[in-house]
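Notes follow once the structure below has been shown.
The values are calculated or read from the model by the stated rules, or taken from the named source; none is laboratory data. Since the model is a prediction, treat every value here as computed from it, not as a measurement. Don't worry about glycine lacking a Cβ; one is built from the backbone with ideal geometry, like all the others, and counts go over all protein chains shown. Side chains included, ligands, DNA and RNA excluded: accessible areas come from the protein's heavy atoms. Shrake-Rupley method; radii C 1.70, N 1.55, O 1.52, S 1.80 Å.
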Amino acid sequence: MSIPDFLEFGSKLTNLEKTRNFNVFGDYSLDPFRNLVDSHGWRTRKKERIRISVVGTNGKGSVSHFLAGSFSNLGYKTGLYTSPHLFDPKERIRLSPNFNPVNEEDLKEISNILFTQGTAEELSFLSWFEWFTLGAFVLFEKRDIAVQVYEAGLGGRLDATKLADPDILVICAIGEDHKAVLGNTKEAILREKLGIVTERTKIVFALEPEPSLLKILKEFCSEKNLELYLYPSLPEGRSYLDHNREYVKFIVHRLEEIISKNKIGIEKTENVVTEPLPLPPGRLEIISDSPFIVFDPAHNPDAIRVTLASLSSAFPGKKFSVLAGFLPDKEGESMAEKLLDYTKTQKSNLYFLDSKEFKLPEGYGSYSIPPEKLSGILKTSEQDEAILVLGSFRLYSYIKA
(Lines give C-alpha, C1' and ligand atoms only; values in the text may rest on other atoms or scores of the structure.)
Protein backbone atom coordinates (compact mmCIF):
# COMPACT_ATOMS: atom_id res chain seq x y z
CA MET A 1 0.00 0.00 0.00
CA SER A 2 1.27 3.44 -0.92
CA ILE A 3 1.51 5.75 2.11
CA PRO A 4 0.16 9.26 1.37
CA ASP A 5 2.51 12.21 1.84
CA PHE A 6 1.76 14.02 5.10
CA LEU A 7 1.77 17.56 3.69
CA GLU A 8 -0.02 16.61 0.48
CA PHE A 9 -2.79 14.84 2.39
CA GLY A 10 -3.09 17.79 4.76
CA SER A 11 -3.35 20.28 1.89
CA LYS A 12 -6.69 18.72 0.91
CA LEU A 13 -8.21 19.28 4.35
CA THR A 14 -10.25 22.29 5.44
CA ASN A 15 -7.85 25.02 6.56
CA LEU A 16 -9.49 27.80 8.57
CA GLU A 17 -6.25 29.76 8.66
CA LYS A 18 -6.68 30.25 4.92
CA THR A 19 -10.47 30.46 4.61
CA ARG A 20 -10.93 32.54 7.82
CA ASN A 21 -14.43 31.01 7.98
CA PHE A 22 -14.59 30.79 11.75
CA ASN A 23 -18.39 30.52 11.61
CA VAL A 24 -17.92 26.74 11.50
CA PHE A 25 -17.18 26.84 15.24
CA GLY A 26 -20.89 27.43 15.86
CA ASP A 27 -21.51 23.72 15.30
CA TYR A 28 -18.03 22.40 16.04
CA SER A 29 -17.38 19.58 18.49
CA LEU A 30 -14.11 17.93 19.49
CA ASP A 31 -15.90 14.58 19.83
CA PRO A 32 -15.22 13.23 16.32
CA PHE A 33 -11.52 14.07 16.60
CA ARG A 34 -11.38 12.64 20.12
CA ASN A 35 -13.15 9.43 19.07
CA LEU A 36 -10.77 8.89 16.16
CA VAL A 37 -7.64 9.57 18.18
CA ASP A 38 -8.74 7.37 21.07
CA SER A 39 -9.87 4.51 18.83
CA HIS A 40 -6.23 4.12 17.77
CA GLY A 41 -4.57 5.18 21.02
CA TRP A 42 -2.77 8.02 19.24
CA ARG A 43 -2.60 10.29 22.28
CA THR A 44 -1.97 7.54 24.83
CA ARG A 45 1.11 8.17 26.95
CA LYS A 46 3.55 5.30 26.62
CA LYS A 47 5.37 6.54 29.72
CA GLU A 48 4.84 9.18 32.34
CA ARG A 49 4.99 12.61 30.69
CA ILE A 50 4.51 16.24 31.42
CA ARG A 51 2.21 17.85 28.88
CA ILE A 52 1.88 21.62 29.01
CA SER A 53 -0.85 23.62 27.28
CA VAL A 54 -0.16 27.30 26.62
CA VAL A 55 -3.14 29.57 26.03
CA GLY A 56 -3.71 33.31 25.85
CA THR A 57 -4.37 36.09 23.39
CA ASN A 58 -0.84 37.44 23.25
CA GLY A 59 2.59 36.03 24.05
CA LYS A 60 1.76 32.33 23.97
CA GLY A 61 4.12 31.67 21.05
CA SER A 62 7.17 33.13 22.76
CA VAL A 63 6.26 31.53 26.10
CA SER A 64 5.91 28.14 24.38
CA HIS A 65 9.34 28.47 22.74
CA PHE A 66 10.98 29.57 26.00
CA LEU A 67 9.34 26.70 27.92
CA ALA A 68 10.53 24.10 25.44
CA GLY A 69 14.05 25.53 25.37
CA SER A 70 14.22 25.65 29.16
CA PHE A 71 13.24 22.02 29.67
CA SER A 72 15.61 20.95 26.91
CA ASN A 73 18.46 22.81 28.61
CA LEU A 74 17.65 20.89 31.80
CA GLY A 75 18.21 17.62 29.96
CA TYR A 76 14.65 16.53 29.13
CA LYS A 77 13.68 15.31 25.69
CA THR A 78 11.25 18.03 24.68
CA GLY A 79 8.70 18.51 21.92
CA LEU A 80 7.19 21.82 20.83
CA TYR A 81 3.97 22.31 18.87
CA THR A 82 3.08 25.86 17.82
CA SER A 83 1.04 27.80 15.28
CA PRO A 84 0.87 29.55 12.92
CA HIS A 85 4.06 29.15 10.90
CA LEU A 86 6.19 31.80 9.22
CA PHE A 87 7.37 30.08 6.03
CA ASP A 88 6.81 26.36 6.18
CA PRO A 89 4.16 24.32 8.04
CA LYS A 90 6.90 21.94 9.24
CA GLU A 91 7.90 24.76 11.65
CA ARG A 92 4.89 23.83 13.79
CA ILE A 93 6.43 20.62 15.12
CA ARG A 94 9.92 20.79 16.63
CA LEU A 95 12.10 18.48 18.70
CA SER A 96 14.93 19.13 21.14
CA PRO A 97 17.76 19.84 21.41
CA ASN A 98 17.95 22.15 18.38
CA PHE A 99 14.22 22.62 17.77
CA ASN A 100 14.62 22.67 14.03
CA PRO A 101 11.35 22.15 12.14
CA VAL A 102 10.54 18.50 11.50
CA ASN A 103 11.97 17.19 8.25
CA GLU A 104 10.60 14.97 5.49
CA GLU A 105 11.77 11.81 7.25
CA ASP A 106 9.91 12.84 10.40
CA LEU A 107 6.74 13.41 8.38
CA LYS A 108 7.13 10.03 6.66
CA GLU A 109 7.36 8.44 10.10
CA ILE A 110 4.12 10.16 11.13
CA SER A 111 2.35 9.12 7.92
CA ASN A 112 3.47 5.51 8.32
CA ILE A 113 1.91 5.39 11.78
CA LEU A 114 -1.35 7.08 10.78
CA PHE A 115 -1.98 5.27 7.50
CA THR A 116 -0.84 1.88 8.77
CA GLN A 117 -3.00 2.01 11.86
CA GLY A 118 -5.81 4.06 10.31
CA THR A 119 -7.32 4.71 6.88
CA ALA A 120 -7.35 7.69 4.56
CA GLU A 121 -11.14 7.62 4.64
CA GLU A 122 -11.41 8.08 8.40
CA LEU A 123 -8.63 10.68 8.45
CA SER A 124 -10.11 12.78 5.64
CA PHE A 125 -12.74 14.47 7.82
CA LEU A 126 -10.07 16.17 9.96
CA SER A 127 -9.28 19.85 9.64
CA TRP A 128 -5.80 20.97 8.69
CA PHE A 129 -5.10 22.06 12.28
CA GLU A 130 -6.38 18.78 13.70
CA TRP A 131 -4.16 16.93 11.22
CA PHE A 132 -1.01 18.71 12.40
CA THR A 133 -2.01 18.36 16.05
CA LEU A 134 -2.43 14.62 15.52
CA GLY A 135 0.97 14.53 13.83
CA ALA A 136 2.54 16.09 16.93
CA PHE A 137 0.79 13.59 19.22
CA VAL A 138 2.07 10.52 17.40
CA LEU A 139 5.59 11.81 16.74
CA PHE A 140 6.14 12.92 20.33
CA GLU A 141 5.07 9.52 21.64
CA LYS A 142 7.03 7.63 18.99
CA ARG A 143 10.17 9.56 19.96
CA ASP A 144 9.54 9.13 23.71
CA ILE A 145 9.32 12.86 24.38
CA ALA A 146 9.20 13.48 28.15
CA VAL A 147 8.07 17.15 28.13
CA GLN A 148 5.54 18.15 25.49
CA VAL A 149 4.57 21.79 25.00
CA TYR A 150 1.41 22.56 23.02
CA GLU A 151 0.47 26.10 22.03
CA ALA A 152 -3.30 26.40 21.58
CA GLY A 153 -4.40 27.59 18.18
CA LEU A 154 -7.70 29.33 18.96
CA GLY A 155 -9.32 29.56 22.38
CA GLY A 156 -9.06 26.36 24.38
CA ARG A 157 -12.42 24.69 24.98
CA LEU A 158 -12.74 23.66 21.33
CA ASP A 159 -9.05 23.65 20.43
CA ALA A 160 -7.59 20.43 19.04
CA THR A 161 -4.63 20.69 21.43
CA LYS A 162 -7.04 20.11 24.33
CA LEU A 163 -6.73 16.41 23.48
CA ALA A 164 -3.14 16.54 24.75
CA ASP A 165 -4.90 16.27 28.13
CA PRO A 166 -2.53 18.77 29.77
CA ASP A 167 -1.04 18.26 33.20
CA ILE A 168 -0.09 21.95 33.34
CA LEU A 169 -1.89 25.01 31.99
CA VAL A 170 0.08 28.18 31.28
CA ILE A 171 -1.95 31.34 30.67
CA CYS A 172 -0.47 34.35 28.92
CA ALA A 173 -1.94 37.83 28.46
CA ILE A 174 -5.68 37.92 27.78
CA GLY A 175 -6.96 40.40 25.22
CA GLU A 176 -9.75 40.79 22.70
CA ASP A 177 -9.26 38.83 19.49
CA HIS A 178 -11.42 36.40 17.49
CA LYS A 179 -14.39 37.85 19.35
CA ALA A 180 -16.90 36.29 16.96
CA VAL A 181 -15.71 32.87 18.14
CA LEU A 182 -14.49 33.41 21.70
CA GLY A 183 -16.80 36.14 23.01
CA ASN A 184 -17.10 39.91 23.05
CA THR A 185 -15.44 40.49 26.42
CA LYS A 186 -12.16 39.53 28.02
CA GLU A 187 -14.13 37.67 30.67
CA ALA A 188 -15.82 35.47 28.05
CA ILE A 189 -12.51 34.94 26.23
CA LEU A 190 -10.78 33.84 29.44
CA ARG A 191 -13.54 31.31 30.14
CA GLU A 192 -13.13 29.87 26.64
CA LYS A 193 -9.39 29.51 27.15
CA LEU A 194 -9.83 27.90 30.57
CA GLY A 195 -11.97 25.30 28.81
CA ILE A 196 -8.78 23.54 27.72
CA VAL A 197 -8.47 22.14 31.27
CA THR A 198 -9.24 18.43 31.64
CA GLU A 199 -9.50 16.11 34.62
CA ARG A 200 -5.78 15.45 34.33
CA THR A 201 -4.85 19.12 34.78
CA LYS A 202 -3.48 19.87 38.25
CA ILE A 203 -1.59 23.18 38.05
CA VAL A 204 -2.25 26.57 36.46
CA PHE A 205 0.31 29.32 35.92
CA ALA A 206 -0.91 32.75 34.87
CA LEU A 207 0.27 36.27 34.28
CA GLU A 208 -1.78 38.15 36.84
CA PRO A 209 -4.71 39.68 34.94
CA GLU A 210 -6.93 42.63 35.74
CA PRO A 211 -9.24 42.23 38.79
CA SER A 212 -12.38 41.05 36.92
CA LEU A 213 -10.38 38.32 35.18
CA LEU A 214 -8.45 37.39 38.32
CA LYS A 215 -11.75 36.77 40.11
CA ILE A 216 -12.85 34.36 37.37
CA LEU A 217 -9.47 32.63 37.36
CA LYS A 218 -9.38 32.11 41.13
CA GLU A 219 -12.97 30.86 41.24
CA PHE A 220 -12.30 28.44 38.39
CA CYS A 221 -9.17 27.03 40.02
CA SER A 222 -10.97 26.67 43.34
CA GLU A 223 -13.90 24.81 41.74
CA LYS A 224 -11.55 22.48 39.84
CA ASN A 225 -9.16 22.04 42.77
CA LEU A 226 -6.24 23.38 40.75
CA GLU A 227 -3.07 24.88 42.19
CA LEU A 228 -2.71 28.45 40.93
CA TYR A 229 0.61 30.29 40.62
CA LEU A 230 0.55 33.95 39.58
CA TYR A 231 3.32 36.01 38.04
CA PRO A 232 3.22 39.83 37.67
CA SER A 233 1.81 41.18 34.42
CA LEU A 234 3.99 43.03 31.96
CA PRO A 235 5.13 46.40 33.34
CA GLU A 236 4.86 49.39 31.03
CA GLY A 237 7.93 50.01 28.90
CA ARG A 238 9.53 46.59 29.29
CA SER A 239 10.11 44.30 26.32
CA TYR A 240 7.47 41.61 26.35
CA LEU A 241 10.10 39.05 25.33
CA ASP A 242 12.20 39.84 28.39
CA HIS A 243 9.14 39.58 30.61
CA ASN A 244 7.97 36.31 29.07
CA ARG A 245 11.44 34.84 29.52
CA GLU A 246 11.30 35.67 33.25
CA TYR A 247 7.76 34.27 33.46
CA VAL A 248 9.04 31.00 32.04
CA LYS A 249 11.94 30.91 34.51
CA PHE A 250 9.37 31.22 37.29
CA ILE A 251 7.28 28.38 35.82
CA VAL A 252 10.19 26.03 35.24
CA HIS A 253 11.63 26.62 38.72
CA ARG A 254 8.27 25.74 40.31
CA LEU A 255 7.82 22.68 38.11
CA GLU A 256 11.32 21.42 38.87
CA GLU A 257 10.44 21.59 42.57
CA ILE A 258 7.18 19.73 41.94
CA ILE A 259 8.88 17.06 39.82
CA SER A 260 11.45 16.49 42.54
CA LYS A 261 8.96 16.53 45.41
CA ASN A 262 6.45 14.21 43.78
CA LYS A 263 9.09 12.05 42.12
CA ILE A 264 7.37 12.29 38.75
CA GLY A 265 9.02 9.66 36.61
CA ILE A 266 10.18 11.66 33.63
CA GLU A 267 13.75 11.06 32.61
CA LYS A 268 16.59 13.42 31.81
CA THR A 269 18.21 11.80 28.79
CA GLU A 270 19.91 14.76 27.12
CA ASN A 271 22.92 16.80 28.17
CA VAL A 272 22.28 19.69 30.54
CA VAL A 273 23.34 22.97 28.95
CA THR A 274 23.68 26.51 30.26
CA GLU A 275 23.35 28.38 26.98
CA PRO A 276 20.92 31.32 26.93
CA LEU A 277 17.53 30.62 25.44
CA PRO A 278 17.33 31.55 21.76
CA LEU A 279 14.76 34.16 20.86
CA PRO A 280 11.61 32.69 19.29
CA PRO A 281 11.44 33.22 15.52
CA GLY A 282 9.25 36.05 14.31
CA ARG A 283 8.90 37.87 17.65
CA LEU A 284 10.66 41.24 17.69
CA GLU A 285 13.00 39.51 15.28
CA ILE A 286 15.74 41.56 13.63
CA ILE A 287 15.37 40.72 9.95
CA SER A 288 18.11 43.03 8.74
CA ASP A 289 20.75 45.26 10.32
CA SER A 290 21.17 47.52 7.30
CA PRO A 291 18.51 48.67 6.79
CA PHE A 292 17.35 47.92 10.34
CA ILE A 293 14.13 45.91 10.02
CA VAL A 294 12.22 44.27 12.87
CA PHE A 295 9.29 41.88 12.49
CA ASP A 296 6.59 41.17 15.07
CA PRO A 297 3.25 39.38 14.61
CA ALA A 298 1.16 41.75 16.74
CA HIS A 299 -2.32 41.48 15.22
CA ASN A 300 -4.83 42.76 17.77
CA PRO A 301 -5.10 46.09 19.64
CA ASP A 302 -3.55 44.85 22.90
CA ALA A 303 -0.64 43.21 21.07
CA ILE A 304 -0.03 46.38 19.03
CA ARG A 305 0.13 48.41 22.23
CA VAL A 306 2.53 45.98 23.92
CA THR A 307 4.82 45.70 20.88
CA LEU A 308 5.07 49.47 20.44
CA ALA A 309 5.77 49.88 24.16
CA SER A 310 8.52 47.22 23.93
CA LEU A 311 10.53 49.00 21.24
CA SER A 312 12.35 51.54 23.40
CA SER A 313 13.53 48.80 25.77
CA ALA A 314 14.37 46.21 23.12
CA PHE A 315 15.99 48.64 20.66
CA PRO A 316 17.11 51.76 22.54
CA GLY A 317 17.91 54.76 20.38
CA LYS A 318 16.03 53.50 17.33
CA LYS A 319 13.35 55.56 15.62
CA PHE A 320 10.77 53.33 13.96
CA SER A 321 8.55 53.79 10.97
CA VAL A 322 5.82 51.16 10.71
CA LEU A 323 4.68 48.88 7.90
CA ALA A 324 1.53 46.90 8.69
CA GLY A 325 -0.83 44.40 7.10
CA PHE A 326 -4.03 43.14 8.72
CA LEU A 327 -6.24 40.23 7.74
CA PRO A 328 -9.92 41.02 6.97
CA ASP A 329 -11.26 39.58 10.23
CA LYS A 330 -9.11 41.86 12.40
CA GLU A 331 -9.95 45.21 14.00
CA GLY A 332 -7.94 47.13 11.43
CA GLU A 333 -9.22 50.62 12.17
CA SER A 334 -8.56 50.34 15.92
CA MET A 335 -5.02 49.09 15.32
CA ALA A 336 -4.35 51.66 12.60
CA GLU A 337 -5.28 54.45 15.01
CA LYS A 338 -2.70 53.23 17.53
CA LEU A 339 -0.04 52.99 14.84
CA LEU A 340 -0.80 56.47 13.53
CA ASP A 341 -0.57 57.96 17.01
CA TYR A 342 2.78 56.24 17.50
CA THR A 343 4.30 57.36 14.20
CA LYS A 344 3.09 60.92 14.71
CA THR A 345 4.82 60.99 18.09
CA GLN A 346 7.97 59.53 16.54
CA LYS A 347 7.72 61.84 13.53
CA SER A 348 8.11 58.73 11.39
CA ASN A 349 6.21 57.10 8.55
CA LEU A 350 3.27 54.71 8.47
CA TYR A 351 2.48 52.30 5.62
CA PHE A 352 -0.13 49.64 5.00
CA LEU A 353 0.58 46.91 2.49
CA ASP A 354 -2.17 46.89 -0.12
CA SER A 355 -2.62 43.36 -1.46
CA LYS A 356 -5.37 40.75 -1.81
CA GLU A 357 -4.34 39.09 1.46
CA PHE A 358 -4.74 42.17 3.61
CA LYS A 359 -7.60 44.58 4.21
CA LEU A 360 -6.72 48.26 4.17
CA PRO A 361 -8.17 50.00 7.27
CA GLU A 362 -11.00 52.31 6.30
CA GLY A 363 -9.83 55.89 5.90
CA TYR A 364 -6.14 55.00 5.50
CA GLY A 365 -5.91 54.84 1.73
CA SER A 366 -3.26 57.57 1.64
CA TYR A 367 -0.94 55.32 3.67
CA SER A 368 -1.18 52.29 1.37
CA ILE A 369 1.64 50.91 -0.75
CA PRO A 370 1.53 48.10 -3.35
CA PRO A 371 3.83 45.07 -2.92
CA GLU A 372 6.05 46.15 -5.82
CA LYS A 373 7.06 49.27 -3.91
CA LEU A 374 7.84 47.42 -0.70
CA SER A 375 11.57 47.02 -1.31
CA GLY A 376 11.96 50.76 -1.74
CA ILE A 377 10.10 51.53 1.49
CA LEU A 378 12.27 49.12 3.45
CA LYS A 379 15.45 50.99 2.54
CA THR A 380 15.93 53.60 5.25
CA SER A 381 18.42 56.40 4.69
CA GLU A 382 19.40 57.55 8.18
CA GLN A 383 21.44 55.41 10.55
CA ASP A 384 19.08 55.79 13.52
CA GLU A 385 15.95 55.03 11.50
CA ALA A 386 14.31 51.62 11.46
CA ILE A 387 11.24 49.84 10.11
CA LEU A 388 8.86 47.79 12.27
CA VAL A 389 6.85 45.31 10.23
CA LEU A 390 3.84 43.94 12.09
CA GLY A 391 0.38 42.49 11.73
CA SER A 392 -0.20 39.09 10.18
CA PHE A 393 2.39 36.30 10.20
CA ARG A 394 1.92 36.31 6.43
CA LEU A 395 3.91 39.53 6.18
CA TYR A 396 7.03 37.62 7.13
CA SER A 397 7.39 36.09 3.67
CA TYR A 398 7.18 39.54 2.08
CA ILE A 399 10.23 40.85 3.90
CA LYS A 400 12.33 37.70 4.35
CA ALA A 401 12.05 35.89 1.06
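Working note: Cα atoms of the chain, range along each principal axis, descending, whole Å: 58, 49, 42. Of the trypsin sites (Lys or Arg not before Pro) found in the stretch 233-278, the ones in coil according to DSSP and having at most 16 other Cβ atoms within 10 Å of their Cβ are Arg238, Lys263.
According to the square roots a ≥ b ≥ c of the eigenvalues of the Cα gyration tensor, what is the shape class of the stretch 44-113, taking rounded for a/c under 1.5, prolate for a/b larger than b/c otherwise, and oblate for the remainder? Here the stretch 44-113 falls in the oblate category. Computed over the chain with a Gaussian network model linking Cα atoms closer than 10 Å, the most mobile of Ser39, Ser64, Ser368 is Ser39. Is the shape of the stretch 216-314 rounded, prolate or oblate, going by the alpha carbon gyration tensor and its root eigenvalues a ≥ b ≥ c, with a/c under 1.5 for rounded and a/b larger than b/c for prolate? Oblate, because a/c is 1.5 or more while a/b does not exceed b/c.
Take Asp31: with every protein chain present and a 1.4 Å probe, its accessible area is about 80 Å². A simple packing score, the average count of other Cβ atoms within 10 Å per residue, orders the peptides 319-330, 225-236 as 319-330, 225-236, with the highest score first.
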